[in-house]
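Working notes, beginning with the structure itself.
The values are calculated or read from the model by the stated rules, or taken from the named source; none is laboratory data. This structure is a prediction, so every number in the text was calculated from the model and none was measured. Here Cβ is always computed from backbone atoms with ideal geometry, including for glycine, and neighbour counts include all displayed protein chains. When the accessible area is computed, the model is the full protein with side chains, heavy atoms only, and any ligands, DNA or RNA have been set aside. Shrake-Rupley method; radii C 1.70, N 1.55, O 1.52, S 1.80 Å.
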Amino acid sequence: PHPRLSRPQLAAMSSAMMTMPRAAPAAPVVRGARSASCRRAVSLKVRASGAASSKPSVGKRENMPQWSTDRPLPKDRKERIDLKEGQRLIVTVPATSANMGPGFDSFGFAVDLENELIVERGNFEVKIEGEGETTLPRDETNAIIKAVAAGYNAIYPDTPLPVKDLKFTSINRIPTARGLGSSSAALVSGLAAGMALAGQDLSKPQSKQLLLQLAADAEGHPDNVAPAIYGGFQVSINTGAQWVTQSIALPKGMQAVLFIPDFESLTAETRAALPKMIPVADAVFNISRAAMLINSFATGNMEALRYACQDVIHQPTRGAAFPMQELMDAALSKGAHGAFLSGAGPTVLALTGGHGSDVNADTMVTFLAVEVADAMMDAAKAKGLAGRSVISSPTPHGVRVTKKYAFTSSETGMWN
């Protein structure tokens with residue numbers, strides 16, 4: 001277990017480190033990969049909306065702070081899952097666009113394209129509708145089923161989830177392996193469902209904090225899972241003890257125009273191709289643009305985004321296999337504020353609107369979004385790249401968990 005230091009000990013350590021002589025760098029480079037201690041500094045198990053288990057967890061503090069919304073978990077449970085017969089547990093998770101150009105592994109925002117996971121009592125079954133319905137497994141090797149079990153075990157480490165007594169339905173609208181956070185949506189929806197089945201209220205801050213720790217630990221980076229949990233535009237870091245995220249304001253009326261190529265791109269493969277070290281000049285390039293990007297969103301100065309969305313660390317490598325730059329240039333030529341590779345790609349995202357106009361009451365906002373979408377489509381066709389354009393909006397909504405009773409309609413006999 002990771003040792004917990006007192007405040008005086010931490011202060012003394014910090015003072016000693018500040019007075020230590022610093023060696024000059026051997027070469028003007030910056031390590032591209034985080035150390036293992038930063039990625040998984042502590043496997044933090046915080047109390048969600050109740051005490052977890054008598055079994056000690058890694059990094060767990062002896063005296064956890066209490067929340068006013070805490071409720072103790074029952075010690076002797078007759079029901080192993082918090083889901084009644086006839087109830088449906090419905091988990092909704094948005095798509096996410098990570099990096100946003102210069103914010104590699106740190107920036108991300110949610111868009112209004114959502115997946116749903118429905119859990120019911122019954123004999124084990126996995127139904128998949130929409131994206132991945134012909135390729136994703138329908139047994140316990142499914143990533144969502146594994147995540148459900150992990151979320152449940154985060155609350156009850158000593159009690160396995162009775163998966164054989166549950167039915168799962170995945171309604172997938174987020175394209176897989178396209179840079180829109182489909183794997184993160186699966187992870188977050190599964191973890192959230194597992195925690196809810198263990199009696200946790202996912203609307204409470206302590207539950208969301210635990211969900212972020214579990215999801216970011218599993219992914220190794222928070223750029224997709226943070227906005228999938230909290231919604232909006234999130235900037236996330238690892239403090240060395242836990243994952244922390246902050247929300248950045250989204251301008252009213254902003255649109256996210258997506259060009260989604262037909263081919264898939266696996267994050268693990270594109271990440272492996274990235275350089276392990278980068279020149280200091282490249283680090284400065286990205287740091288300055290990341291700061292300008294945040295300021296653009298905070299102040300509503302959208303004109304700066306054409307520069308603030310630029311990147312030299314990951315996009316040149318990930319976009320080398322297809323006409324990424326041509327798509328971005330086409331979007332900017334038609335008035336997009338900025339454009340970038342969404343996550344690991346291959347989706348290219350362009351930002352339009354955001355000057356306070358309402359897309360539901362202002363045809364100019366719609367007109368500009370369509371102009372940009374058409375320009376990106378034309379640029380793709382000119383290069384022989386097949387794909388489709390989708391006009392979406394950033395959403396402030398992250399994961400949402402509800403329980404509803406299913407019922408049959410007297411007219412149709414269908415389940416609702």
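The set of residues from the stretch 155-188 being in a helix (DSSP H, G or I), open to solvent by less than 10 Å² (accessible area, probe 1.4 Å) and of a type outside the set (Val, Ile, Thr) comprises Ser184, Ala185. Check the stretch 213-223 and report whether any residue there is part of a loop (DSSP other than H, G, I, E, B), touching a helix residue (DSSP H, G or I) at 6+ places or on another chain (Cβ under 6 Å) and within 19 Å of Thr245 (Cα to Cα). Yes: one or more hits. Only one entry of Ala304, Ala291 meets the criterion of being open to solvent by 10 Å² or more (accessible area, probe 1.4 Å), without any contact (Cβ under 8 Å) to a residue 60 or more places away in the chain and more than 23 Å from the chain's Cα centre (by Cα), and that entry is Ala304.
Residue by residue through the stretch 266-306, note down the ones that are among the β-branched types (Val, Ile, Thr), over 14 Å from Met100 (Cα atoms) and in a helix (DSSP H, G or I). Give the derivation first.
Going through the stretch 266-306, the residues among the β-branched types (Val, Ile, Thr) turn out to be 267, 270, 278, 280, 284, 287, 294, 299.
Narrowing further to those that are over 14 Å from Met100 (Cα atoms): 267, 270, 278, 280, 284, 299.
Of everything in the stretch 266-306, those that are among the β-branched types (Val, Ile, Thr), over 14 Å from Met100 (Cα atoms) and in a helix (DSSP H, G or I) turn out to be Thr267, Thr270, Val280, Val284, Thr299.
Kindly check whether there is at least one residue in the stretch 213-220 that is in contact (Cβ under 8 Å) with a residue 60 or more places away in the chain and either within 17 Å of Ala110 (Cα to Cα) or in contact with a Gly (Cβ under 6 Å, 6 or more places away or on another chain) (or both).
Filtering the stretch 213-220 for residues in contact (Cβ under 8 Å) with a residue 60 or more places away in the chain gives 213-214, 217-218, 220.
After this cut, where a residue has to be either within 17 Å of Ala110 (Cα to Cα) or in contact with a Gly (Cβ under 6 Å, 6 or more places away or on another chain) (or both) as well, the list is none.
The answer is no, given that none of the residues of the stretch 213-220 is in contact (Cβ under 8 Å) with a residue 60 or more places away in the chain and either within 17 Å of Ala110 (Cα to Cα) or in contact with a Gly (Cβ under 6 Å, 6 or more places away or on another chain) (or both).
Might you let me know whether the stretch 254-264 holds any residue that is aromatic (Phe, Trp, Tyr), crowded, with 22+ Cβ neighbours inside 10 Å and within 21 Å of Leu305 (Cβ to Cβ)? Scanning the stretch 254-264, I find at least one residue that is aromatic (Phe, Trp, Tyr), crowded, with 22+ Cβ neighbours inside 10 Å and within 21 Å of Leu305 (Cβ to Cβ), so the answer is yes. Please verify whether the stretch 231-238 includes one or more residues that are open to solvent by less than 10 Å² (accessible area, probe 1.4 Å), in contact (Cβ under 8 Å) with a residue 24 or more places away in the chain, under 10 Å from the mean Cα position of the chain (by Cα) and on the phi > 0 side of the Ramachandran plot. Yes, the stretch 231-238 contains at least one residue that is open to solvent by less than 10 Å² (accessible area, probe 1.4 Å), in contact (Cβ under 8 Å) with a residue 24 or more places away in the chain, under 10 Å from the mean Cα position of the chain (by Cα) and on the phi > 0 side of the Ramachandran plot.
Among the residues of the stretch 88-126, write down those that are within 24 Å of Arg306 (Cα to Cα) and open to solvent by 40 Å² or more (accessible area, probe 1.4 Å). Residues satisfying the conditions are Phe104, Asp112. Reported count of residues in the stretch 336-381, each being more than 25 Å from Ser182 (Cα to Cα), in a loop (DSSP other than H, G, I, E, B) and at pLDDT below 95, is 9.
Please go through the stretch 244-261 and pick out each residue that is part of a loop (DSSP other than H, G, I, E, B) and either in contact with a His (Cβ under 9 Å, 6 or more places away or on another chain) or modelled with pLDDT of 95 or more (or both). Spell out the reasoning first.
Going through the stretch 244-261, the residues part of a loop (DSSP other than H, G, I, E, B) turn out to be 249-253.
Result: Pro251, Lys252, Gly253.
Looking across the stretch 345-355, the residues that are on the phi < 0 side of the Ramachandran plot and open to solvent by less than 10 Å² (accessible area, probe 1.4 Å) come down to Pro346, Thr347, Val348, Leu349, Ala350, Leu351, Thr352.
Scanning the stretch 382-412 for residues that are over 26 Å from the mean Cα position of the chain (by Cα), farther than 14 Å from Val348 by Cα and modelled with pLDDT of 95 or more yields Ala382, Lys383, Gly384.
Screening the stretch 158-180 for residues that are touching a helix residue (DSSP H, G or I) at 6+ places or on another chain (Cβ under 6 Å) and of a type outside the set (S, T, N, Q) and picking the one that is modelled with the lowest pLDDT gives Leu161.
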